[in-house]
1. Would you list the P(r) distribution for the chain, with all Cα-Cα distances sorted into 20 Å bins from 0 and each bin expressed as a whole %?
2. Using the basic label-point model (7 angstrom from Cα toward the beta carbon), what is the residue 239 to residue 185 distance in nanometres?
3. Suppose all protein chains stay in the model; what accessible area per residue would a 1.4 Å probe give for the chain, in Å²?
4. Let's see if you can work this out: charge +1 on each Lys and Arg Cβ, -1 on each Asp and Glu Cβ, no other charges. What is the dipole magnitude of the chain about its Cα centre, in debye to the nearest 20?
5. Taking chymotrypsin sites (Phe, Trp or Tyr not before Pro) as candidate sites, keep only those in a DSSP loop with at most 14 other Cβ atoms within 10 Å, then name the longest stretch of the chain containing none of them.
6. Longest span of the chain, sites excluded, free of trypsin sites (Lys or Arg not before Pro) in DSSP loop with at most 13 other C-beta atoms within 10 Å?
7. If each residue of separation counts as 0.36 nm, what is the full-extension length gain between residue 35 and residue 195 once their alpha-carbon separation is subtracted?
8. Would you kindly derive the ³J(HN,Hα) couplings of region 254-262 from the backbone phi angles with the Karplus curve 6.51 cos²θ - 1.76 cosθ + 1.60 (θ = phi - 60°), listing them in order in whole Hz, with x for Gly and Pro?
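The values are calculated or read from the model by the stated rules, or taken from the named source; none is laboratory data. Remember, predicted model here, so these are calculated numbers, not experimental data. Heads up, the Cβs are rebuilt from the backbone with ideal geometry, glycines too, and the neighbour counts pull from every protein chain shown. Keep in mind that these areas ignore ligands, DNA and RNA; they rest on the heavy atoms of the full protein, side chains included. Shrake-Rupley method; radii C 1.70, N 1.55, O 1.52, S 1.80 Å.
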Amino acid sequence: MAQTLIETDMRIPNALRFAFGLCQRPPPAPGKHDEVANFAAVLLPPRDGASEPMDCDEPVAPGGLRMLFDSSYIRAHDEDAHFGHAEAGVVGVADGVGSYRDRVDASAFARGLMTKAYMEVVTGAPGTHVCPSTLLERAHQATAAAGTAAASTAVIVSLAGRTLKWAYVGDSGFVVFRDGRILRRSRPQQHHFNCPYQLNSKRDGLTVAAAAAVGEVPAREGDIVVVGTDGLFDNVTDDELERIVRMGTALGFSPKHLAEVVAGFAFEAAGCTNRDTPFSVLGRRETGGAFPAGGKRDDITVVVAYIASHYI
Ligand SMILES: [Mn+2]
């Protein structure tokens, strides 16, 4: 059994490379190619039709829900930060804005935000539902009050009872999956291409946490939330992410395993120069054509949260 799982695991990177056209290093040995192709065809089939946000007005089953989460972080500049608290049902990621890199520690505000958010959660009354917009605002105020340098995008997602709630600023974001399809996703907030809304210590009107996009959706057992920085979303399309999440569900991945596979795929996509990514497609549109194919080298933070029944 263990060997079977390991053998399955070994095939996943090549199946992803095959299904999504990533450069393969090294390419499969002769005779192995069909095996990889078959594996990819079974586990990573193209989706059938568009994945529009679904209605979710079905009655929910009684009983409590909980959030099981884990994360993967692949460093480039080491300016991302994240936190999570399973009992409180909350996760968050933040991404220090790179343009500060020459002057100050560009990770400072991102780390400050996540540390303050975590402290706020652990010092709160147990059993209290976390409101992401309130938490983000308090974390921002505390980080700004300390005169913290640099700036950061951020997203916080919580399971408040039976409701998934979120708040985000900039292009750190999330996707909620239900039954292998996208139920909800964030839409990046940006001033212009590659310049997201961001939080900092100044009071220039564009950076207050009140500018956060907020929302909620009723949660259900089996929902999967993928939260990440732009190192994920600039390099991985919705279609790719959806198919990887389906594969993970089919193979019974843990949150840790799914986070690592998603982050690993984002890392390889970032390094490929012969295929498009969300970053290159948007870049070409914004700059009128003179934009190379390939991905964006960046810190990649992926947090995966499974919404589960309380009694397993
Ligand atoms: Mn980034």
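1. Whole-percent P(r) values from 0 Å outward: 33, 57, 10, 0.
2. Each label point is offset 7 Å from its Cα along the Cβ direction, giving 1.1 nm.
3. 46
4. For this selection, approximately 340 debye.
5. Values: sites that count: 193, 311.
In short, 1-192.
6. 204-312
7. Here the segment from residue 35 to residue 195 would lengthen by 53.3 nm.
8. So the Karplus estimates, Gly and Pro as x, are 6, x, 5, 5, 5, 4, 5, 5, 5 Hz.
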